[in-house]
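Below is one structure, written out as structure tokens, with a few remarks after it.
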Amino acid sequence: MIITTSGRTTEVMKEKARNIAEQLGATYIDRNKRSVKAIQKQVAEDCIVVGKERLELYPIGESQPFFFHPSSAMFRVKRLLKGESDPFLEAASLKEGSSILDCTLGLGSDSITASFAVGKKGKVTGLEGNKYLSFLVANGLRQWDSGLESMNQAMGRIKVEASMALSYLKKLPSDSYDVVYFDPMFEEEIFESEGIKALRNFAVYEDLSEEIIFHAKRAARQRVILKDHFRSSRFAQYGFKVIERKSSKFHFGVIEG
């Protein structure tokens, strides 16, 4: 991984890029008015560009960058502000003050919605196995301006951990969170976007297993939630009670604690 700045840069941005490179164990390279493609021809590595308002990840050989955006959380939070319901929140029984561990953070749409619902007294932790994606999403959650102060605050409260789910769960004491959540579908949903299909190379895949479910049930005070395709065999395989959703391609499964 190499780190550089946007085309129009300043000494402050250069210093920020150097600091990020140090944090990630990456190499800082001066932009020197070159295109990202020109830099990657010289150094054939993926590149994070540090801009004034956001970070962009250019996978090698791709012209379209990945950058954080709140995805479906934007309209979901607006619905909640209107007093409407959210299927994920209902399945997880999240309310003000609840705590949730999101084992498949992705772009954080579910975590953002959860953080908004549980409020300042709640707790939301999201796991992302790739340290670069983890860093970009964590940075985006802090910096993105949604235009809604309550949503900005909700994003800022989410704690992002660069970790695989199993290793993180194994270290947790019993009853650490009210809810532990898995969404194996988030990868499919993210990659439907043309601009970030290249992230397939970054995704760290970790399918569910008996061991993961065992530790999830141990870590969850109240319930373990699974979002999956309505035809998925995982619900029956791991003992989830299915909440069927007519006309939706995915259902939620619940294991009560």
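Screening Leu226 with (1) in contact (Cβ under 8 Å) with a residue 60 or more places away in the chain; (2) closer than 23 Å to Ser174 by Cα; (3) part of a strand (DSSP E or B) gives one miss only, at (1).
Taking the listed residues Val124, Val77, Val50, the one that is assigned by TED's automatic domain parsing to the domain that holds Ser248, of a type in the set (Val, Ile, Thr), in contact with a Lys or Arg (Cβ under 8 Å, 6 or more places away or on another chain) and within 30 Å of Lys16 (Cβ to Cβ) is Val124, with no other qualifying. Here Ala44 meets the list (1) in the same structural domain as Glu206 (by TED's automatic domain parsing); (2) part of a loop (DSSP other than H, G, I, E, B); (3) not basic (Lys, Arg) almost entirely, failing just condition (1).
Put simply, of Glu56, Glu128 the only residue that is touching a helix residue (DSSP H, G or I) at 6+ places or on another chain (Cβ under 6 Å) and acidic (Asp, Glu) is Glu128. For the stretch 225-257, the tally of residues that are more than 13 Å from Leu208 (Cβ to Cβ), under 22 Å from the mean Cα position of the chain (by Cα) and among the hydrophobic types (A, V, I, L, M, F, W, C) stands at 3.
To keep it simple, each residue is scored yes or no on (1) assigned by TED's automatic domain parsing to the domain that holds His215; (2) closer than 22 Å to Leu89 by Cα; (3) modelled with pLDDT of 90 or more.
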| position | (1), (2), (3) |
| --- | --- |
| Ser111 | yes, yes, yes |
| Tyr132 | yes, no, yes |
| Phe135 | yes, no, yes |
| Met151 | yes, yes, yes |
| Val160 | yes, yes, yes |
| Ser174 | yes, no, yes |
| Met185 | yes, yes, no |
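Could you please find all residues in the stretch 135-147 being outside any helix (DSSP H, G or I) and surrounded by 15 or more Cβ atoms within 10 Å (Cβ to Cβ)? Of everything in the stretch 135-147, those that are outside any helix (DSSP H, G or I) and surrounded by 15 or more Cβ atoms within 10 Å (Cβ to Cβ) turn out to be Trp144, Ser146. Among the residues of the stretch 122-131, are any in contact (Cβ under 8 Å) with a residue 24 or more places away in the chain and farther than 22 Å from Glu206 by Cβ? Looking through the stretch 122-131, at least one residue is in contact (Cβ under 8 Å) with a residue 24 or more places away in the chain and farther than 22 Å from Glu206 by Cβ.
Across the stretch 47-67, what is the number of residues that are hydroxyl-bearing (Ser, Thr, Tyr) and assigned to a loop (DSSP other than H, G, I, E, B)?
Narrowing the stretch 47-67 to residues hydroxyl-bearing (Ser, Thr, Tyr): 58, 63.
Within this subset, residues satisfying the condition of being assigned to a loop (DSSP other than H, G, I, E, B) are 63.
Selection size over the stretch 47-67: 1.
Those residues that are more than 15 Å from Tyr177 (Cβ to Cβ), in contact with a helix residue (DSSP H, G or I) (Cβ under 6 Å, 6 or more places away or on another chain) and part of a loop (DSSP other than H, G, I, E, B), I need them from the stretch 84-95; list them, please.
If the condition is that a residue be more than 15 Å from Tyr177 (Cβ to Cβ), in contact with a helix residue (DSSP H, G or I) (Cβ under 6 Å, 6 or more places away or on another chain) and part of a loop (DSSP other than H, G, I, E, B), then Asp86 is the only one that fits.
The values are calculated or read from the model by the stated rules, or taken from the named source; none is laboratory data. A quick note: this is a predicted structure, and the numbers were derived from the prediction, not measured. Heads up, the Cβs are rebuilt from the backbone with ideal geometry, glycines too, and the neighbour counts pull from every protein chain shown.
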